[in-house]
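Sending over a structure as structure tokens; questions will come in a sec.
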Amino acid sequence: MKIRITRKAWGEAVILRDITLEIGPREAVALLGPSGIGKSTLLRIVAGLDTGFEGNVTDAGRIAMAFQEPTLLPWRSVRDNLTLTTNCTPGEADALLQAVGLPDAGARFPNTLSLGQARRISLARAFAMRPDTLLLDEPFASLDREAAARMLALLLDLLRDHPARLILVTHDPMEAARLATRVLTLGGTPATVQRERHLDESPADRDEARIMQLLTTL
Amino acid sequence: MLAFVLLWAIVAVIAGSPNTLPAPWTVARLTLVETLSGELLFHLSATLARTIAAFVLAMGIGSAIGLWLGTDKRADAWGDPWLVGLLNLPALVTIVLCYIWIGLTEVAAIAAVAINKIPLVATQMREGARTLEPALRDMAHVFGMSRGARLRHVVLPQLAPHFAASGRTGIALIWKIVLVVEFLGRSNGVGFMIHQYFQLFDVARVLVYAISFVAVMLLVEMLILQPWQRHATRWRRP
């Protein structure tokens, strides 16, 4: 997959400039940077939601996204949310609900779920697409530490069973250290890639000591 | 309801003028007579059929226009003055013009009623379309939902509360205009019968037809509109 953004502006203000990325099919790229730098804008460009930029995105394959808010259809049951948006079968939906630890949630409506549960459903929906490229926009924001850690472990499990190229937007270096195979730090005005770090081993093989060591270098 | 009938009975007895204000039991007896003769049901069903036809037309066309104006700024800029103009067009003018231009036909009657209601539906649905959730639109785009699926599962459920509100106020307005249309140019229906008995100054029978149709509309509200609205908004209840 290739991402080339020569210029992205909001009115007169240029947000992103000269960003060129090549991401392999099993890579997990974390985009780090302070709030408002343009990380989510970059993700929206990759998702095809923002077309007002100079450059192009090619070979992304089938894309799925888990948004910052779960964005479930509130008038449909959890199972319908998976089947109607991704065309997966009810059986596949139930298997994914099992995988995200909510095997009995199929018939429930989204307003009966906690934020953490709704995020897990949103993740299940993204995997139900069988994506080649999975985009995650701050998937653990506003979760307490325990819920965030559980969901992070869940994401690693899901990626092991359903491999996909991952692009994760986060402002938390800890999430990048746990999930990514490559960490890009955006900075400057307009934003560009200021630092790029390839991490050798698979995220699943990292132990706590290695994660803590990585944290000091990101 | 009982208190209203009781008050009506007391006022009727005090007034002592059955020609101007007949007592409830007189109206009840005549309702039975008209029902047994088949007249009441015949005219009620004629009015109900016109009401349903005009309702379906007005809701369909009004919703489509409202959705279009609410999601397309250029169309809204062009359509807004038209909408304001049509909203201020008196019902009577539309009815008279439809009868003159189309003729004293069923098509003219139903068209006149629908034209009166379409701008109101369009205005309410436009407000609904303006508040569509952009996050859900983005989600539908990323997940590649087809246009039909987006409309059915993402857009229309968001418009449902506006559609329900518009439908409930609409049905009340529509049947009243249907009565005027029948009064002016049809040979059956509740409006036509009220016209007949108005000329004879038979207030009791005017009340028989008016109250019967109000009862029918109350049943429609309780048996169809309210349960449908409850079903459409059941996801809001935890």
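The values are calculated or read from the model by the stated rules, or taken from the named source; none is laboratory data. Here the structure is a predicted model, which is why all the values come from computation and not from measurement. Note: ideal-geometry Cβ built from the backbone for every residue, glycine included; neighbour counts use all protein chains shown.
I'd like to check something: does the range B:150-159 contain any residue that is hydrophobic (A, V, I, L, M, F, W, C) and touching an Asp or Glu at 6+ places or on another chain (Cβ under 9 Å)?
Checking the range B:150-159: at least one residue is hydrophobic (A, V, I, L, M, F, W, C) and touching an Asp or Glu at 6+ places or on another chain (Cβ under 9 Å).
OK, next. Collect the residues in the range A:54-69 that are within 14 Å of chain B (Cβ to nearest Cβ) and among the charged types (D, E, K, R), keeping them in residue-number order. Before you say what the answer is, go through the steps one by one.
Filtering the range A:54-69 for residues within 14 Å of chain B (Cβ to nearest Cβ) gives A:57, A:60-69.
Listed by number, the residues that qualify are A:R62, A:E69.
Restrict the check to the range B:217-236 and report whether at least one residue is closer than 28 Å to A:E69 by Cα and surrounded by 19 or more Cβ atoms within 10 Å (Cβ to Cβ).
Going through the range B:217-236, the residues closer than 28 Å to A:E69 by Cα turn out to be B:229-236.
Now drop any that are not surrounded by 19 or more Cβ atoms within 10 Å (Cβ to Cβ), which leaves none.
Checked against the condition, which is being closer than 28 Å to A:E69 by Cα and surrounded by 19 or more Cβ atoms within 10 Å (Cβ to Cβ), the range B:217-236 yields no hits at all.
Okay, next question. Just a yes or no: is a residue in the range A:35-53 away from chain B (no Cβ under 14 Å), assigned to a strand (DSSP E or B) and in contact (Cβ under 8 Å) with a residue 24 or more places away in the chain? So that I can check it myself, show each step before the final result.
Our first condition is that a residue be away from chain B (no Cβ under 14 Å); within the range A:35-53, this holds for A:35-39, A:42, A:52-53.
Pick out the ones that are also assigned to a strand (DSSP E or B) and you get none.
No, the range A:35-53 contains no residue that is away from chain B (no Cβ under 14 Å), assigned to a strand (DSSP E or B) and in contact (Cβ under 8 Å) with a residue 24 or more places away in the chain.
How many residues are out of contact with any strand residue (DSSP E or B) (no Cβ under 8 Å at 6 or more places or on another chain), in a loop (DSSP other than H, G, I, E, B) and closer than 21 Å to B:A149 by Cα if we restrict to the range A:67-107?
Initial filter on the range A:67-107 (out of contact with any strand residue (DSSP E or B) (no Cβ under 8 Å at 6 or more places or on another chain)): A:69-85, A:87-107.
Then drop every residue that is not in a loop (DSSP other than H, G, I, E, B), which leaves A:69-77, A:87-89, A:100-107.
Now narrow it down to the ones that are closer than 21 Å to B:A149 by Cα: A:70-77, A:87-89, A:106-107.
Number satisfying all stated conditions: 13.
Can you name every residue in the range A:96-109 that is over 21 Å from the mean Cα position of the chain (by Cα) and either surrounded by 14 or more Cβ atoms within 10 Å (Cβ to Cβ) or farther than 20 Å from A:D161 by Cβ (or both)?
Of the residues in the range A:96-109, the ones over 21 Å from the mean Cα position of the chain (by Cα) are A:103-109.
Selection gives A:D104, A:A105, A:G106, A:A107, A:R108, A:F109.
Given the residues B:L104, B:L57, B:L48, B:L44, which is the only one that is outside any helix (DSSP H, G or I) and not polar (S, T, N, Q)? Please lay out each step first, then the result.
Working: B:L57 fails: outside any helix (DSSP H, G or I); B:L48 fails: outside any helix (DSSP H, G or I); B:L44 fails: outside any helix (DSSP H, G or I).
So the residue among B:L104, B:L57, B:L48, B:L44 that is outside any helix (DSSP H, G or I) and not polar (S, T, N, Q) is B:L104.
Could we say that A:V100 is in contact with a helix residue (DSSP H, G or I) (Cβ under 6 Å, 6 or more places away or on another chain) and either under 30 Å from A:G11 (Cβ atoms) or within 14 Å of another protein chain (Cβ to nearest Cβ) (or both) here?
Numbers: in contact with a helix residue (DSSP H, G or I) (Cβ under 6 Å, 6 or more places away or on another chain): yes; either under 30 Å from A:G11 (Cβ atoms) or within 14 Å of another protein chain (Cβ to nearest Cβ) (or both): no.
For A:V100, the condition - in contact with a helix residue (DSSP H, G or I) (Cβ under 6 Å, 6 or more places away or on another chain) and either under 30 Å from A:G11 (Cβ atoms) or within 14 Å of another protein chain (Cβ to nearest Cβ) (or both) - is not met.
Go through A:A124, A:A95, A:A148 for me and flag whichever is modelled with pLDDT of 90 or more and away from chain B (no Cβ under 14 Å). It would help to see each step written out before you state the result.
Details: A:A124 fails: away from chain B (no Cβ under 14 Å); A:A148 fails: modelled with pLDDT of 90 or more.
Exactly one residue qualifies, and that residue is A:A95.
Tell me, which residue of the range B:37-69 that is of a type in the set (G, A, S) and surrounded by 16 or more Cβ atoms within 10 Å (Cβ to Cβ) is farthest from the chain's Cα centre (by Cα)?
The first filter runs over the range B:37-69 and keeps only residues of a type in the set (G, A, S), leaving B:37-38, B:45-46, B:49, B:53-54, B:58, B:60, B:62-64, B:66.
Next, from what is left, pick out any that are surrounded by 16 or more Cβ atoms within 10 Å (Cβ to Cβ): B:46, B:53-54, B:58, B:62-63, B:66.
Values: B:A46: 15, B:A53: 10, B:A54: 8, B:A58: 9, B:G62: 13, B:S63: 15, B:G66: 18 Å.
Looking at the filtered set, the residue picked out is B:G66.
Still on this structure: I'd like to check something: does the range B:167-179 contain any residue that is surrounded by 15 or more Cβ atoms within 10 Å (Cβ to Cβ), more than 14 Å from chain A (Cβ to nearest Cβ), farther than 26 Å from B:A122 by Cβ and in contact (Cβ under 8 Å) with a residue 60 or more places away in the chain?
no
Right, here's the next one. Going through the range B:156-214 one residue at a time, which ones are among the β-branched types (V, I, T) and closer than 14 Å to B:I110 by Cα? Lay out the reasoning, then the answer.
Restricting attention to the range B:156-214, the residues satisfying the condition of being among the β-branched types (V, I, T) are B:169, B:171, B:174, B:177-178, B:180-181, B:190, B:194, B:203, B:206, B:208, B:211, B:214.
Answer for the range B:156-214, where residues must be among the β-branched types (V, I, T) and closer than 14 Å to B:I110 by Cα: B:I171, B:I174, B:I177, B:V178, B:V180, B:V181.
Restricting the search to the range B:109-150, which residues are without any contact (Cβ under 8 Å) to a residue 24 or more places away in the chain and in a loop (DSSP other than H, G, I, E, B)?
B:F143, B:G144, B:M145, B:S146
Just one of A:L135, A:L84, A:L72 is buried (at least 18 other Cβ atoms within 10 Å of the Cβ), more than 18 Å from the chain's Cα centre (by Cα) and within 11 Å of another protein chain (Cβ to nearest Cβ); which is it? So that I can check it myself, show each step before the final result.
Values: A:L135 fails: more than 18 Å from the chain's Cα centre (by Cα); A:L72 fails: more than 18 Å from the chain's Cα centre (by Cα).
Just a single option satisfies the conditions, and that option is A:L84.
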